[in-house]
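All remarks here apply to the structure that follows.
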Amino acid sequence: MKNLILIIFLSMSICSCSLIDIHPDDVVSSQRAFDDVTYYQQALNKVYHDLTSPINNISSTDYATDDFTNVIRGYNQTNYFIYLWDYQARPQPHMWVQQYNLIAMTNIIIDNYDVVPVKNAKEQEQKDVIFAQAEAMRAWFFFNLLEIYAPHFDGSNGNELAIPLKLKLDREYLPQSTITEVFTQIEQDLTDAEDKLKDFTPSTSDAHYVFGLDAVRALKARIALYKGDLETARAYSSYFIDIELLSSDDYWMLWGDQYGSKNQEVIFMTHNLSDTDQGSLLDYHNQYETNNVALTIDFYNEFEDSDVRKGEQYISNSTRRPLKYLYLADENNSDETRMLNYKYFRIAEQYLIYAEAVREDNSDRALEVINKLKVARGASPLTTLSLNQILVERRKEFFQEGVRFYDLKRLSKALGITVTRPNGNQLAPGDAKYTIDIPIEETNSNPYIK
């Protein structure tokens, strides 16, 4: 399966052991890559390193939603073709390719667990923790692919074909597994990772950059919500809803100060390599600015003026361009900078998962939790709570973060949401276009995918 393998990364530069010092200080040969636990950690660091790139961030799916308008065929054509729901047009395949590339990296770590020697119990514990992080992230990457390239799981369609379950680093062509089979593998990986990470506490300086126990629980809550398993979603999101949110005055820390002592809102994020020679080839400029991307006027008007998320620091008042990853100069930040610290899992998401999971059985508690978020963001609290109001709040909180497509895919039918383009083209509730086509390069090369 040549398009799923792409590269064997062991011959590449691999990051130094420290997660904070994530620049590649060493080149680890394939002969030495698993000689000891230190090199095993470096292999894992390569996965973390590659997550800093926007091409590995599934936020491109946002262009298929009703969040953005005015997307033109600029430097980054991906935005334009996804905006038109033209999924086979180049260069759409990057999401498929990059997620499987990340899976290949985690497979190398998982496959070589038994090869890595250990000298003592401490090294054995470290090896187990590295293995668990690789398992957890592989589950996450499979889930991303499942939600993009397979029909949404509705409880009755588990036998429908989804994606190939690539669990080994080889060139074997694989057929598509069913939705149920992929979810079973995801759950198996996460269950084992959760068990291995239960006694692991990363250092304070590394905590937000490590896919540890909190990240596993946050992912399990997200997956359960998208599967409609509200009981599990409630159980896992409940780990986070007593963590205090930033006040509206301190909200800037979420995007501009990852080290702020008050900033407890990040569960897992990537390092910022934007100002180094390791910075991504695809940055804020060609992702948003060159393509003239703007939030739709209807969405922009959903925000109250008092809502900090509408501030000029996060949405340009003149162009409605999203600015979360372009941190402007202000009293807290002396220079404009491209912040590529992608916040993949945040406490606010867990608040909203919990509110949705308990709304039908305990509407008062759901209202209490969602109002904590709204008040923290400077918005007016609600007096009643509907599913649509939760979806609106998720939209305000997560624009530019690759969440809206998933939400529309799972709820557009129930809420009757139609996405309409200026030329009249529509994405109807439950439309087949919510399942992005497997790239034609893959279907042409793999005889088992039709």
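The values are calculated or read from the model by the stated rules, or taken from the named source; none is laboratory data. As the structure is a prediction and not an experimental result, all values here were calculated from the model. All Cβ positions, glycine included, derive from the backbone under ideal geometry; neighbour counts span all protein chains shown.
Just a few scattered comments:
- Subset of region 420-437 [under 18 Å from TYR80 (Cα atoms) and touching a Phe, Trp or Tyr at 6+ places or on another chain (Cβ under 9 Å)]: ARG421, ASN425, LEU427, LYS433, TYR434, THR435, ILE436, ASP437
- Exactly one residue out of LEU161, LEU165, LEU145 is under 21 Å from the mean Cα position of the chain (by Cα) and free of Cβ contacts under 8 Å to residues at least 24 places away in the same chain, and it is LEU165.
- The criterion of at least 3 residues that are closer than 25 Å to LEU146 by Cα and free of Cβ contacts under 8 Å to residues at least 24 places away in the same chain is met by the following helices (runs of 4 or more DSSP H) wholly inside region 352-432: 404-415.
- Extreme residue, nearest to GLN42 (Cα to Cα), among residues of region 79-95 that are among the hydrophobic types (A, V, I, L, M, F, W, C) and buried (at least 22 other Cβ atoms within 10 Å of the Cβ): MET95
- Region 42-59, subset assigned to a helix (DSSP H, G or I), out of contact with any strand residue (DSSP E or B) (no Cβ under 7 Å at 6 or more places or on another chain) and of a type in the set (A, V, I, L, M), residue farthest from ASN286 (Cα to Cα): LEU44
- For region 39-71, the set of residues classified as farther than 18 Å from PHE211 by Cβ and among the aromatic types (Phe, Trp, Tyr) consists of TYR39, TYR63, PHE68, listed by residue number.
- Top-ranked residue in region 364-413 [being among the hydroxyl-bearing types (Ser, Thr, Tyr) and within 24 Å of the chain's Cα centre (by Cα); ranked as nearest to ILE353 (Cα to Cα)]: TYR406
- Applying the condition of being in a loop (DSSP other than H, G, I, E, B) and polar (S, T, N, Q) to region 199-256 and asking which residue is surrounded by the fewest Cβ atoms within 10 Å (Cβ to Cβ) yields THR204.
- Scanning region 168-183 for residues that are touching a Pro at 6+ places or on another chain (Cβ under 8 Å), part of a loop (DSSP other than H, G, I, E, B) and touching a residue at least 24 places away in the same chain (Cβ under 8 Å) yields TYR173, LEU174, PRO175, GLN176.
- Which numbered condition TYR39 fails, given (1) at pLDDT 90 or above; (2) of a type outside the set (A, V, I, L, M); (3) surrounded by 21 or more Cβ atoms within 10 Å (Cβ to Cβ): (3)
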